[in-house]
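Remarks on the structure that follows.
The values are calculated or read from the model by the stated rules, or taken from the named source; none is laboratory data. Just so it is clear, the structure is predicted and the values come from calculations on it, not from any experiment. Glycine gets a Cβ as well: all are built from the backbone with ideal geometry, and neighbour counts include every protein chain shown.
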Amino acid sequence: MDLASAYEDVGDAKRAQEAFERAETVYPASALVAWNYGNFLVRRRDYVEGYRRIQRAVATDKGLLPLAISRTWRSSEDVNVLLNEALPATPDAYLQALDFLTSNNQPDAAVIVWKRLMALGKPLPLPATFPFLDTLIGLDRPEDALRAWREALASAGLSGETGAGQSLIWNGDFSRDLANGGLDWRWSAPLGAAASFDSAPPSVNGRSFRVDFSGGMNIDLEEPAEFVPVQPGRPYHFHAYLRTDEITSDRGVQFHLTDPNHRDAVNVLTDNFTGTRPWTAVDADLTSGPQTHFLAVRLMRTPSRMFDNKLGGTVWIAGVSLTPAGELSREKL
């Protein structure tokens, strides 16, 4: 291989190939030989034989996957070449290809890889699908996101239906733990706040999500949060239950509904809850913007400007739902 590299450096491609062929004959099982020879052939534009050796190298040495994906994509810019000729048909290879394509702003190619990944029928850890889903959310592709989310849940062995009735909120009753990504709730444990589950109010199914504030910080809270696929220009009704106990400062907690991809298209704030209040129904009507495809639903607390601004106390939320105010249903998305 060193001799082949030297021949290639001086422009003698014929002798370089002969040296690679001798290396391949001597050590046909070597991933390193297959990798270097395959890349040489790709540089010589012998793509069929080059990709075949790259595929063989990656099947033997998974550590070569990232390079195989990036080099094959840059030489071909064809997702079918990447999948059919360069990568082994394994979940690991397809997941790494998915991450590469999403990070390089190639959503259409990523969707094709996702379909091939699902066709394998192999179980996948749910967090491995989150970067792809985040890309679909950021690019306003609700149909693809909803389909991929359901498929990701099924692949992880989880139920794909958690909304009550016509609600578009996933896990709105908090009956299962937060997935912390995808189209489920997200919670990153901000400093000064601790989360747990508790009982729901009477006549409300599931559990409540409880947040205890330490009382030592003027916290800026935007969680728990969930991204919800919707249709543009349609009316919706938001409903939830909220309870507080000894929430300090003038800035308490409230729900905030926005379009995460179009500033000012939707901006709905519910009442600000401070002090101690029993379980209270919180309702809001809204209409999605003309380009709105997702709504972000968040529990929010903005920092207070008052001298006594440290946030202490506890808040509970339960029974969160977002329902179409008309003929629209989740199946019609």
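Count, please, the residues in the stretch 259-301 that happen to be part of a loop (DSSP other than H, G, I, E, B) and either touching a Lys or Arg at 6+ places or on another chain (Cβ under 6 Å) or outside the structural domain of residue 325 (by TED's automatic domain parsing) (or both). Break it down into steps so the answer makes sense when it comes.
Start the filter on the stretch 259-301 by keeping residues that are part of a loop (DSSP other than H, G, I, E, B), which leaves 259-266, 270-272, 274, 288-293.
Still in the running and either touching a Lys or Arg at 6+ places or on another chain (Cβ under 6 Å) or outside the structural domain of residue 325 (by TED's automatic domain parsing) (or both): 288.
Of the residues in the stretch 259-301, 1 are part of a loop (DSSP other than H, G, I, E, B) and either touching a Lys or Arg at 6+ places or on another chain (Cβ under 6 Å) or outside the structural domain of residue 325 (by TED's automatic domain parsing) (or both).
Quick check: anything in the stretch 215-238 farther than 15 Å from residue 172 by Cα, in contact with a Phe, Trp or Tyr (Cβ under 6 Å, 6 or more places away or on another chain) and either part of a strand (DSSP E or B) or not assigned by TED's automatic domain parsing to the domain that holds residue 148 (or both)? Please lay out each step first, then the result.
Initial filter on the stretch 215-238 (farther than 15 Å from residue 172 by Cα): 215-222, 230-236.
From what's left, in contact with a Phe, Trp or Tyr (Cβ under 6 Å, 6 or more places away or on another chain): none.
Taking every residue of the stretch 215-238 in turn, none turns out to be farther than 15 Å from residue 172 by Cα, in contact with a Phe, Trp or Tyr (Cβ under 6 Å, 6 or more places away or on another chain) and either part of a strand (DSSP E or B) or not assigned by TED's automatic domain parsing to the domain that holds residue 148 (or both).
Can you tell me which residue in the stretch 173-207 is surrounded by the most Cβ atoms within 10 Å (Cβ to Cβ), limited to those that are touching a Gly at 6+ places or on another chain (Cβ under 6 Å) and not hydrophobic (A, V, I, L, M, F, W, C)? Steps first, answer last, please.
Here is the first cut: in the stretch 173-207, the residues touching a Gly at 6+ places or on another chain (Cβ under 6 Å) are 173-175, 200, 204.
Then keep just the ones that are not hydrophobic (A, V, I, L, M, F, W, C); that gives 173, 175.
Working: 173: 21, 175: 14.
Checking each candidate, the answer is 173.
Name the single residue that is farthest from residue 175 (Cα to Cα) among those in the stretch 286-319 being of a type in the set (A, V, I, L, M, F, W, C) and out of contact with any Phe, Trp or Tyr (no Cβ under 8 Å at 6 or more places or on another chain).
Filtering the stretch 286-319 down to residues of a type in the set (A, V, I, L, M, F, W, C) leaves 286, 294-297, 299-300, 306-307, 311, 315-318.
Add one more test, that the residue is out of contact with any Phe, Trp or Tyr (no Cβ under 8 Å at 6 or more places or on another chain), and what stays is 306-307.
Working: 306: 37, 307: 39 Å.
Only one residue tops the list, namely 307.
Here is a check on your reading of the model: is residue 258 at pLDDT 95 or above and over 26 Å from the mean Cα position of the chain (by Cα)? Before you say what the answer is, go through the steps one by one.
Numbers: at pLDDT 95 or above: yes; over 26 Å from the mean Cα position of the chain (by Cα): no.
So residue 258 does not fit the description; no.
Of (1) more than 21 Å from the chain's Cα centre (by Cα); (2) over 15 Å from residue 299 (Cα atoms), residue 239 satisfies all except one. Which?
Among (1) more than 21 Å from the chain's Cα centre (by Cα); (2) over 15 Å from residue 299 (Cα atoms), residue 239 violates only (2).
Do we have any residue at all in the stretch 17-37 that's small (Gly, Ala, Ser), in the same structural domain as residue 75 (by TED's automatic domain parsing) and farther than 23 Å from residue 89 by Cβ?
Filtering the stretch 17-37 down to residues small (Gly, Ala, Ser) leaves 19, 23, 29-31, 34.
From what is left, the residues that are in the same structural domain as residue 75 (by TED's automatic domain parsing) are 19, 23, 29-31, 34.
From what's left, farther than 23 Å from residue 89 by Cβ: 19, 23.
The answer is yes; a qualifying residue exists.
Go through the stretch 242-253 and give me each residue that's part of a strand (DSSP E or B) and surrounded by fewer than 19 Cβ atoms within 10 Å (Cβ to Cβ). Give the derivation first.
To start, the set of residues in the stretch 242-253 that are part of a strand (DSSP E or B) comprises 242-247, 253.
Scanning the stretch 242-253 gives 245, 246.
Out of all the residues in the stretch 113-138, which are surrounded by fewer than 17 Cβ atoms within 10 Å (Cβ to Cβ) and outside any helix (DSSP H, G or I)?
120, 121, 122, 123, 125
Restricting attention to the stretch 124-139, which residues are farther than 20 Å from residue 91 by Cβ and out of contact with any Phe, Trp or Tyr (no Cβ under 7 Å at 6 or more places or on another chain)? Quick ask: steps written out before the conclusion?
Within the stretch 124-139, the subset farther than 20 Å from residue 91 by Cβ is 137-139.
Across the stretch 124-139, the qualifying residues are 138, 139.
Hey, can you tell me all the residues within the stretch 302-329 that are charged (D, E, K, R) and either under 19 Å from residue 137 (Cβ atoms) or modelled with pLDDT of 95 or more (or both)? Walk me through it before giving the result.
At the first step, the residues of the stretch 302-329 found to be charged (D, E, K, R) are 305, 308, 310, 327.
Across the stretch 302-329, there are no qualifying residues.
Taking the condition of a type outside the set (Asp, Glu), more than 21 Å from residue 111 (Cα to Cα) and either in the same structural domain as residue 128 (by TED's automatic domain parsing) or modelled with pLDDT under 95 (or both), does residue 59 pass?
On the way: of a type outside the set (Asp, Glu): yes; more than 21 Å from residue 111 (Cα to Cα): yes; either in the same structural domain as residue 128 (by TED's automatic domain parsing) or modelled with pLDDT under 95 (or both): yes.
So residue 59 passes the test.
Quick test of your reading of the structure: residue 152 fulfils all but one of (1) of a type in the set (A, V, I, L, M, F, W, C); (2) farther than 29 Å from residue 263 by Cβ; (3) surrounded by 14 or more Cβ atoms within 10 Å (Cβ to Cβ). Name the failing condition by number.
Result: residue 152 passes all but (2).
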